[in-house]
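Just so you know, all these numbers are worked out from the coordinates, no wet-lab data involved. Quick caveat, the model's predicted, so the values are computed rather than measured. Glycine gets a Cβ as well: all are built from the backbone with ideal geometry, and neighbour counts include every protein chain shown.
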Amino acid sequence: MKAALSDIDRYIAECEAKAEAQFAALDETALFNQRKVLDAFRSNRIASNHFFPSTGYGYDDVGREKLSKVFADVAKADAAVVSPLLANGTHALTVALFGLLRPGDALLSVTGKPYDTLDSVISGEKVGSLKDFGVSFDKIDLGADGDFDYPAIRAKLSKIAPRVVLAQRSKGYEWRDALGISSLEKAFRLIRELRPDAVIVVDNCYGEFVERREPTEAGADVIAGSLIKNPGGGMAPTGGYIAGRADCVAAISQRLTAPAQGAEVGSWIGGYIPFFQGLFLAPSVVRNALKGGVLFGYALSGLGFETKPEPGAMPKDIIRSVKFDDPKLLVDFCGLIQNASPVDSFATPLPWSMPGYAHDVVMAAGAFVQGASLELSCDGTLKPPYVAYLQGGLTYEHCKIAIAETIRHFNEMPALRRRNGP
Ligand SMILES: *Cc1c(COP(=O)(O)O)cnc(C)c1O
């Protein structure tokens, strides 16, 4: 049963041949986005003094100001807050929501249940959640086809007037495809028509630089996300961002620090090089991760596993979901990704009961930056249908090596249903 290495190489070469048109399209998007980022650096006249550290209050911190300005220009937004003081994506989204919502306001999600970590933010009991502050929450699930449920949105918005409408671009931990920019644009047009005053906020995690436009170019008022995902380019050591309409970002800035201080304070002694450099690299690194995901899609579907998106489809975020239908295969797969990582390759991920999750989870995260998921990483919940969420890959070559090792391992398992594998 054991396939020779050359068979595996040949199999991967076949997968690459199938991916040719997708790879070419991803290269074109990367070129487009690289130019957009470079132009933002040039028009903002970025220079080495913008990389300097700051201390204390951080008054007149030009690095902080320029980083935010460059990011805003890339997202075609009026303003942005890009900061290592935002602990993660959840924090960025939390600051955005608390900055915009007031007691008595309603928040409506139009993409079903928001990302898991937002549950406590929105409706946690006695933790200072939006609910604790008197903000109500409602959601509209996506339709069976994975797209927005337009009739439901229409019906709901004729009844309630939410202050904030929230949409999540990525698939999160759902077995569905991510939403493309054109789908978002269509839904936002309807929401705008029905409720012109609602502020449209997009959880943009995992979506940055996947397409040529960000949601701020498609009708969203505010986007927020994490710098240890796509826009940090694998270089940012921490942080988050919020970008959008001037009045919205101004309101949100008051929550970021303190009322009347907003984005005028906040220092960073570590200096800003990795944030600028990471943003500059991001279009290219995101493309590498996307190519890796497409190759994983072909390679694993050829072995009989269902993946999302379908191998032939263009990815709309950097996550590749793989259905294993078997807890052992899921844990094995995470182990293979861990062993193929540059950091902690010797570790074996085991399922554990993470606080806040109903089932055990297993994670592979052999990353330079703790938890960074633009680096090749993978996680899954120990419940049927045992789906692995694989994402990232700083280089395409790294993904390819990890794929070869995965295929070799699975080939040695006689029980596996193989269709077209090596
Ligand atoms: C990662 C992610 C977040 C925020 O997660 P953090 O781990 O706090 O950075 C929010 N929404 C989605 C869809 C995400 O993928």
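Taking θ as phi - 60°, what are the ³J(HN,Hα) couplings along the stretch 343-351 by the Karplus curve (6.51, -1.76, 1.60), each to the nearest whole Hz, with x for Gly and Pro?
Once rounded to whole Hz, the list reads 10, 6, 5, 7, 7, 10, x, 10, x.
Starting at the first residue of the stretch 169-183, write each ³J(HN,Hα) from the Karplus equation 6.51 cos²θ - 1.76 cosθ + 1.60 with θ = phi - 60°, in whole Hz, x for Gly and Pro.
Going residue by residue, I get 6, 7, 7, x, 9, 10, 8, 7, 8, 5, 8, x, 4, 5, 5 Hz, with x marking Gly and Pro.
Taking a cut-off of 16 Å between Cα atoms, list the aspartates and glutamates near Lys400, but don't count ones fewer than 8 places away on the same chain.
Asp7, Asp9, Glu14, Glu16, Glu20, Glu375
Indicate the gyration tensor shape class of the stretch 319-359 (rounded, prolate or oblate), computed on the Cα atoms with a ≥ b ≥ c the square roots of the eigenvalues: a/c under 1.5 is rounded; otherwise a/b larger than b/c is prolate and the rest oblate.
Oblate shape, in that a/c is at least 1.5 and b/c is the bigger or equal ratio.
For His359, His398, which order do you get if you count the other beta carbons within 10 Å of each Cβ and list the fewest first?
Fewest to most other Cβ atoms nearby, the residues stand as His359, His398.
What ranking do Ser377, Ser183, Ser226 get, fewest neighbouring Cβ atoms within 10 angstrom at the top?
By the 10 Å Cβ count, ascending, the order reads Ser183, Ser377, Ser226.
Classify the chain as rounded, prolate or oblate, taking a ≥ b ≥ c as the square roots of the eigenvalues of its Cα gyration tensor: rounded when a/c is under 1.5, otherwise prolate if a/b is larger than b/c and oblate if not.
It is prolate, given that a/c is not under 1.5 and a/b is the larger ratio.
222 nm [θ] for the chain, helices only, -39500 (n - 2.57) per DSSP H run of 4+, per residue, to 500?
Helices in the chain give a 222 nm mean residue ellipticity of -12500 deg cm²/dmol.
For the chain, set up a GNM with springs between Cα atoms under 10 Å and report which of Leu166, Leu67, Leu142 has the largest fluctuation.
Highest fluctuation of the listed residues: Leu142.
Which residues' amide hydrogens lie under 5 Å from the amide hydrogen of Glu306, considering only partners 5 or more residues apart or on another chain, with H built in the peptide plane?
Under 5 Å from the amide H of Glu306: Lys323.
Pairs of Cα atoms under 8 Å, at least six residues apart: use those to get the relative contact order of the chain, whole percent.
19
Determine the relative contact order of the stretch 316-364: mean sequence separation of Cα pairs under 8 Å and six or more apart, normalised by residue count, in whole percent.
With pairs under 8 Å counted, the relative contact order is 28 percent.
Once amide H atoms are built 1.01 Å from N in the peptide plane, which residues 5 or more positions from Gly271, or in another chain, come under 5 Å H to H?
Under 5 Å from the amide H of Gly271 lie the amide H atoms of Ser54, each far enough along the sequence or on another chain.
Under 8 Å for C-alpha pairs, at least 6 residues apart: give me the relative contact order for the stretch 263-422, rounded to a whole percent.
26
How large is Rg/Rh for the stretch 242-331, to two decimals, with Cα atoms and a Kirkwood Rh?
1.21
Once phi is turned into ³J(HN,Hα) by the Karplus curve 6.51 cos²θ - 1.76 cosθ + 1.60 with θ = phi - 60°, what whole-Hz value does each residue of the stretch 196-209 show in order, with x for glycine and proline?
Using θ = phi - 60°, the values come out as x, 8, 5, 8, 8, 10, 10, 6, 8, 3, 6, x, 4, 6 Hz.
Which of the lysines could be linked to Lys139 by a straight reach, that is with a Cα gap under 16 Å, when you skip same-chain ones fewer than 8 residues away?
Lys113, Lys131, Lys156, Lys159, Lys171
Could you list Met363, Met354 in order of exposure, starting from the residue whose Cβ has the fewest other Cβ atoms within 10 Å?
With the sparsest Cβ surroundings first, the list reads Met354, Met363.
Which angle from 0 to 90°, rounded to the nearest 10, does the C-alpha axis of helix 62-74 make with the longest principal axis of the chain?
The angle comes out near 70 degrees.
Please state the shape class of the stretch 239-285: rounded when a/c is under 1.5, otherwise prolate if a/b exceeds b/c and oblate if not, all from the C-alpha gyration tensor.
Oblate is the answer for the stretch 239-285, as a/c is 1.5 or above yet b/c matches or exceeds a/b.
Quick one: which residues, 5 or more positions from Asp78 or on another chain, have an amide H under 5 Å from its amide H? H modelled 1.01 Å from N in the peptide plane, none for Pro or chain starts.
Here the answer is Gly244, Arg245, Ala246, since their amide H atoms fall under 5 Å of that of Asp78.
Please list 90-100, 265-275, 233-243 highest first by mean number of surrounding beta-carbon atoms within 10 Å per residue.
233-243, 90-100, 265-275
Count the lysine pairs in the stretch 291-392 whose Cα atoms sit under 24 Å apart, keeping only pairs 8 or more residues apart in sequence or on different chains.
9
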